[in-house]
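Scroll down for the structure; my scribbles are underneath it.
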Amino acid sequence: MRDPLLDFSGHRVLITGAGSGFGALLAQALAERGASLVLGDLQSAPLNALADSLRSQGASVVAQAGDVSSEATCRALVDAAVEQFGGLDSAVNNAGIAHPFISFEHLDEATLDRQFAVNVKGVMFGMKYQIPAIRAQGGGAILNVSSMAGLGGAPKIGAYAAAKHAVIGLTRTAAVEQARHKLRINAICPYYTHTPMVDEGDLSGTDRDAVQAMMAAGSPMKRLGQPAEIVAVMLMLLSPANTFMTGQAVAVDGGVSAF
């Protein structure tokens, strides 16, 4: 029996960056709770493998590869939800990229441009098309994935921090605009977590174990997060029972923001 607070039966949910990390785990969790899914990712192979796995478990899934830095990709994902499932109830703008650790004075234009193309345009154009589709259903929820780097300073990842701050600005602005339409829009801000971005990302020749130890030391819990811990909060933020929470940037950080 499903928990009524986390029952997504009949809900149609769009997730970008669904091929790995938070997106893949969230897709699995929502499928288990009755949602129909539209999944997007830049990489078609892991995306299609996930979609096939979920379908084998009885879930209704549409998978569509594409780059969310393209407005056309963002629109196509929403169109797929409307065409295949008759509408859209919730969306999770999870797709994002990081960049190697680099001090501020060495950041270049190409790095900044790519961060804003994926991490900001992917959210902005995602919401541009998600909002009218969700409003047409009488309301719902959008969740944008920001970062603790969007809430404060983030040494050596300045371009990423700038983009994730922008995600929170977009979230809060859209939340105020849409609140009267029963459309809740929030952001989640995880601390370093064991996802491919952290465990497999480009650390530019540094010792990965030493870097992760440094990351862990920065948290009062003295460890990195686990993806399941982040996804548990994502489910809460998307829950149909969560009807009065909007415009928030929720830190899931092992206590970092308590300092």
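Points worth noting:
- Under a model in which nothing but the beta-carbon of Lys, Arg (+1) and Asp, Glu (-1) is charged, segment 59-164 shows a dipole of about 240 debye around its Cα centre.
- In Å², nearest 10: area of Arg208 left accessible to a 1.4 Å probe: 70 Å²
- Ligands, DNA and RNA left out, the 1.4 Å accessible surface of segment 173-259 is 59% carbon and sulfur atoms.
- Solvent-accessible surface ranking, highest first, for Ser53, Ser257, Ser36 at 1.4 angstrom: Ser257, Ser53, Ser36
- A 1.4 Å probe run over the protein chains yields, for the chain, 45 Å² of accessible area per residue, whole-number rounding.
- Spatially proximal lysines relative to Lys128 (Cα-Cα < 17 Å; intrachain offsets below 8 disregarded): Lys182
- Our helix-only sum for the chain, with -39,500 (n - 2.57) per DSSP H run of n ≥ 4 divided by its residues, gives a mean residue ellipticity at 222 nm of -13000 deg cm²/dmol.
- Taking the 1.4 Å solvent-accessible surface of segment 67-158 as the whole, the part contributed by carbon and sulfur is 55%.
- For Lys156, the lysines whose Cα comes closer than 20 Å to its Cα, not counting residues fewer than 8 places off in the same chain, are Lys164.
- For Asp209, solvent-accessible area (1.4 Å; no DNA, RNA or ligand), Å²: 120 Å²
- For segment 32-176, with +1 on Lys and Arg beta carbons and -1 on Asp and Glu, the positive-most of Thr173, Ala98, Gln130 along the dipole: Thr173
- Computed magnitude of the charge dipole of the chain (debye, nearest 20; Cβ of K, R +1, Cβ of D, E -1): 800 debye
- The figure for Glu229 is an accessible area of roughly 80 square angstrom, using a 1.4 Å probe on the protein chains alone.
The values are calculated or read from the model by the stated rules, or taken from the named source; none is laboratory data. Computed from a prediction, not measured in an experiment: that's the story for all the values here. Neighbour counts are summed over all protein chains in view; Cβ atoms, including those assigned to glycine, are modelled from backbone coordinates with ideal geometry. These area figures cover heavy atoms from the full protein model, side chains too; ligands, DNA and RNA do not enter into them. Shrake-Rupley method; radii C 1.70, N 1.55, O 1.52, S 1.80 Å.
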